[in-house]
Each structure stands twice: as C-alpha cells, then as structure tokens.
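Everything on this sheet refers to the single structure shown next.
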Amino acid sequence: MAIEVAPLPLPPSADPSKFAEFGREVKGINPGVLTPEQFKEIEELLYKHSVLLFPNVEVTPEQQYALTKAFDPTSESYGHGNNKTGETKKSILHPDLKTIPRVPQVQLIGNGVVYNHEGLAEAKLKHPSHTTFHKTRVSEEDEAKGVTRFYRWHIDAALYDLSPPKVTSLYGITVPKGNKQICRYDDGTGDELEVPLGTTAFVSGKTMFEILPSELKSLAVRSRVKYAPHPYVWMTPAHAKSTGLGIEDEGLEEPWDQLPSWQESKIKIFPLLWKNPVTGGLHFQVHPCGICELYVDPLPAGASREGALYPDGAHITDLATVRDVLYKMQRPAIAPSLVYPHDWHEKDLVLFHNRGVLHTVVGAFAPDQVRAFHQCNLAASDDPVGPSAEDMAKWA
C-alpha cells in the first residue's frame, strides 16, 4: 500500500497560513516495520513538516526504539542517559519518567498507577502540572472549571554533556478522555487557547524565527546561548513564568557549587538557530528554562548598524537580561494562532523533529485518571549546526 499523506487537522484557533508546511498525517504504512526505502521517505517528510502523526498503529518498545534510532544510527542512549533520570532524585524530571527495563531508551510517562507493564510490576506516574512549577497558579476554582496552563516549553535534551536528540517519538497507549480545557497565558495579554485534555502542544521553530522583525532576526543569527550545568537540577527550586516559557528571575536556582559534579568542557553552548538538514531552513531552538548566558557576535563588515541590537557584539551574563532578551524573541511564536495542540487517541504514534520544534505538556489529570505513553529520544551523535556564512550575510 502506498504511503498516504494529509495535513494535520488544525483547531479553529490555528492560522492555516502559518501551518501550510507544518505537520502531516501519515497512513497506509506500519512505522514499526519500514523498509529502507519507506524510511527514507518518512525521514524526508519529517524534516520538511516537523511533526508526523501515524494514527491507530501497533508499535512495540523495540520497534519504537529502532524507528527513532534510524534517524541517527550511531546514537544509542536515551536523551538524558539510560536510567539516569531515575537516579537523579534532585532533577525536576525525576517524577515524570519510568524506564522500560528491556529497552532502556524507551520511557513510560503518563499519570496514575500502571500495573504489569512491559516488565514494570507497578509504575506510579505523575503528569507534570503547572501547579508545582509556575510562580503563580490557576485558582482551584478556575481549575475545577477546566482552566489550565502550558507546563514548560522545551526541547527534549539533557543540555549538558549529551547532544540534543534529532527526533522524539511518542506513542499513546492509554489515553483518558474528558472535556476540553482552556489554557490561559495569564501574562496580561488576555491570550487563551482551547485544548484537548492532556494535549501535547507544538510550535514551529522555523515560524518562531520567520515572524521576528529584522533587528531580532539579526540578533538571532549572530547569537549563541550557554546552558547551566545539570540544568534540570539547577532549575528545580525555581519557578516558571505563567506562559511556561522560561523561568522567573527570583534567584532561586540551585547554586552551581551545590550541583552534582560537573565539568566545564561538558557545558553546552549552542547557536540560537539550528539548520534543517533537508530544507536548509533555520529553526529558533532555545530551551528557555536552562539558559544562563548569551553570546552575540558583532555585525559583519558592511552590515547596516541602523536599529541593530548589540552591533559590536556582547557577552551577556546577567541572568535577568538573558531571560528577558530570549523571552521577547520567543513569546510571539506561542500565540494561540501558532500553536498545534495534538488531540491524542490510543495507538497514535507521533514523531517530531526535536531540533525543529518546541513542545510542552498541557493540562492536568485527576489522580485516578490513568494515562500511559511510551517516549523515546536518543542523545545525538553530533551537536546541531548553526547558520551558514550565507545565512549570516542574509540576516545579520
């Protein structure tokens, strides 16, 4: 049977003009048993469209790992290191992940208690919620009415030592149904978004760059961001903004000398813009919660200085300033019209280009609502590639 491809079903809130190339639904193929030729077609589709949905498919943990690994054949360990999240009790990720024993690159995530699952006799899962991470929270009265928030916009990546995965796969096994929720931004804009219960929300890093005004495009193409060592331990005591897009500047982060042992050589410094290996396009890919410093290159010779930001370059170490600069650049792209909130069904397999999108968990479940997903991403064999000399000449 030939591979069938169709646009993803967009919610009424989405601006169709911004999703012309984003997201495809793929039918007529079993992603767990692809031929080499079929995989090449899927690989190209993913890099062109960022998110692929395979509805109603049967995929074992072994098949999910093999499919994810095919995008980066020399990768081996889970994106945060095999079994590492369970051992790092201080990490903010610790409650969210349970490793499948026989395939340690695949994690069980969800909500509630799951019994006798893929070698796990009992797994107590916790769906991450804004109520435990944001500086402020939706009132219990509003929460009872279905009001919620984005949890944490992010890239799947350790951001220390290991390279960011190229692709993440998510497979829905048990998907509780319920009323839609209203995701409120609570940032003074009045923005809100109707979302399915327990959605995974995606935004395009390509769109995030393309909608910037020229002076911020110039800043983005010239900049690199430095991440804190062990960033998920570093950020654990801190609180997120109400939009889930970064950390409030309260000075609550774990002091670097209190973090697990770290080495300067393993700290990650990445360009703000990551180059798509198929399209050549630039995707704005910054995990706003883990950032600590910003490096800006000076304008190239001959470039116009009119209206330019940091025309002579800069090394910004003030954390509040770093966060403010990045927030101004990233916030426009999470506007309701630019968010794709996936409506999960059991046996949905979603592949997404982890170096081309940001995503977040949304919403909250009652303790007795059982939800089980398999997640797989692999620490990559290389770091992302930034803008080329031609990109610099075009945008700086």
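Inside region 289-359, counting only strands (runs of 3 or more DSSP E) that do not spill past its ends, which hold 1 or more residues that are touching a Gly at 6+ places or on another chain (Cβ under 7 Å) and of a type outside the set (D, E, K, R)? Please lay out each step first, then the result.
On the way: elements: 291-296, 314-316, 340-342, 349-353.
Fully inside region 289-359 and qualifying: 291-296, 340-342.
If you go through region 1-26 and keep only what is assigned to a loop (DSSP other than H, G, I, E, B), exposed (fewer than 15 other Cβ atoms within 10 Å of the Cβ) and among the charged types (D, E, K, R), you end up with just D15. Report the residue count in region 49-64 for those that are aromatic (F, W, Y) and surrounded by fewer than 22 Cβ atoms within 10 Å (Cβ to Cβ). Count: 0. Whether any residue in region 27-35 is more than 22 Å from V175 (Cα to Cα) and either free of Cβ contacts under 8 Å to residues at least 24 places away in the same chain or in a helix (DSSP H, G or I) (or both) is what I want to check. Yes. Return the residues of region 232-288 that are crowded, with 23+ Cβ neighbours inside 10 Å and on the phi > 0 side of the Ramachandran plot; say none if nothing qualifies. Scanning region 232-288 gives G244, G246.
The set of residues in region 360-396 that are in a loop (DSSP other than H, G, I, E, B), at pLDDT 95 or above and among the acidic types (D, E) comprises D382, D383. Please tell me if Q375 is over 26 Å from V106 (Cα atoms) and under 18 Å from the mean Cα position of the chain (by Cα). Taking the combined requirement at face value, the residue does not satisfy it.
When A335 is tested against (1) farther than 27 Å from I269 by Cβ; (2) buried (at least 20 other Cβ atoms within 10 Å of the Cβ), exactly one condition is not met: (2).
The values are calculated or read from the model by the stated rules, or taken from the named source; none is laboratory data. Bear in mind the structure is a predicted one, so any value in this text is a computation, not a measurement. Cβ atoms come from the backbone with ideal geometry, glycine included; neighbour counts cover every protein chain shown.
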